[in-house]
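Student: For reference, the structure I am asking about is given below.
The values are calculated or read from the model by the stated rules, or taken from the named source; none is laboratory data. Source: prediction; values computed, not measured. Cβ coordinates were reconstructed from backbone atoms using ideal geometry, including for glycine residues, and neighbour counts include every protein chain displayed.
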Amino acid sequence: MIKELQLGMLNNRWIETKSIVIYGFGVVARKCIGMLSQDFHIPYIIDNAPEKIGTVYNGIPVISQAEALMKEERLPIVIIGTIGVYKSISEMLSKAGLKEYEDYCLLDLFVAEWYWHNRKQVHLVEVHTTITTRCTLKCKNCNMFMPYYKKHIDITLENFKEDMDNLFRVADRIFSVGILGGEPIINKQLPEMILYLQENYGDRIGEISVITNGTILPDDRLIDVFKKCNVRVHISDYTSTVPYEKRLREFESIMADNDIEYRTNSSLVWCDFGFPDNSFNFNNVRNHMMECFPIFRGINDSKLYFCHVAWSAEKCGMYTLQEEDCFDIKKIDKFNEEQVKEFINYSLGGNEKWSLSLCKLCGGCGVDNKKYVKAGLQADAGER
Ligand code: SF4
């Protein structure tokens, strides 16, 4: 388990490198490789899945670990994926005699360290923002606790602009900015939000994505904006628990007919977070948080959340966060290096003494939570 990721952990070999190898050719890697290729030579990607070996992505060949380790030149290996993926790759590499932070490290740490040392820039991997807490579904185990809201929140275009302006005042580049809900298409200002993001910060974002359940068909205006801004649409498919196959297929057809890049995730695996009805009570909260280590940060109310779930836990009225649980971006002086470094270190999970208070109660998605549930199971009528 990673104990801590902080600036200063990588040596000069990492800071000075102009070439890297990517290990892990999954969804997250596809979000990042385009932008990474602008600054680094990537001679090959490592992945051990037979169907990926031998393929080429953006001109970069995908090869197996065995083939990579036979190469004479040992380049720094940047692992891209969830913390679970990182752990299993890390085990394979250490068995092969490679050392963590010398030979390989997690993408988040590498980009934080490299861009800060070389350019005094802040580089984040993935940030999500919630634009409505309303949803067309009522999932029992919604990890944003949407069924618990008594009074729903719709983020206005002005709120959204303020959040993005504050975020990009501090962050120089972000591989992926995700817009979600609830169901984000419910918010009628979604097209204007995407346009604002693209027009003002598009050159600093790898991809803008929208995460939807595919129950509401996009209108012509939204389709135009998706196309114009190259939005990648992630469709969470809950049809194994909710009967809306026809609608989902219609949604997919609209995406395909308009050449909008989309991906339907039909193999969602959810953990029961326990919170708030059957909360956990972890003793070592830091260890538990680092086992979970969400891949994305959250931005709402101009605050950066190490875990976006925490924002919603408070907003739905089931939890009160502590001041140090989130980072108020408005307070950062971009020209104060110590403050900016503190922000980067927070985004990496803070130091060993810090933990997000909600993690004591929340089961999360790490290997220490084995309570799996079927994704999208609906709450009974009257429940919540
Ligand atoms: S365990 Fe902590 S980090 Fe993981 S989802 Fe829950 S609150 Fe977020």
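Student: Within the stretch 312-322, can one find any residue that is surrounded by fewer than 21 Cβ atoms within 10 Å (Cβ to Cβ) and on the phi > 0 side of the Ramachandran plot?
Tutor: Taking every residue of the stretch 312-322 in turn, at least one turns out to be surrounded by fewer than 21 Cβ atoms within 10 Å (Cβ to Cβ) and on the phi > 0 side of the Ramachandran plot.
Student: Turning to a different aspect of this structure: Among the residues of the stretch 45-92, count how many are over 24 Å from the mean Cα position of the chain (by Cα) and assigned to a loop (DSSP other than H, G, I, E, B).
Tutor: 13
Student: Also: Which of the residues that make up the stretch 103-127 are touching a residue at least 60 places away in the same chain (Cβ under 8 Å) and in a strand (DSSP E or B)?
Tutor: Tyr104, Cys105, Leu106, Leu124, Val125, Glu126, Val127
Student: Let me ask something else. Sort out which residues of the stretch 243-296 are away from the ligand (no atom under 12 Å from the Cβ) and of a type in the set (Phe, Trp, Tyr), and write them in order of number.
Tutor: Correct list: Tyr244, Phe251, Tyr262.
To keep it simple, each residue is scored yes or no on (1) closer than 17 Å to Lys31 by Cα; (2) of a type in the set (A, V, I, L, M, F, W, C); (3) surrounded by fewer than 18 Cβ atoms within 10 Å (Cβ to Cβ); (4) at pLDDT 95 or above.
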{"site": "Asp154", "(1), (2), (3), (4)": "no, no, yes, yes"}
{"site": "Ile174", "(1), (2), (3), (4)": "yes, yes, no, yes"}
{"site": "Leu190", "(1), (2), (3), (4)": "no, yes, no, yes"}
{"site": "Glu199", "(1), (2), (3), (4)": "no, no, yes, yes"}
{"site": "Glu207", "(1), (2), (3), (4)": "yes, no, no, yes"}
{"site": "Phe226", "(1), (2), (3), (4)": "yes, yes, no, yes"}
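Student: Just name the residue that is surrounded by the fewest Cβ atoms within 10 Å (Cβ to Cβ) out of those in the stretch 329-380 that are within 12 Å of the ligand (Cβ to nearest atom), at pLDDT 95 or above and of a type in the set (S, T, N, Q).
Tutor: Within the stretch 329-380, the match that is surrounded by the fewest Cβ atoms within 10 Å (Cβ to Cβ) is Ser357.
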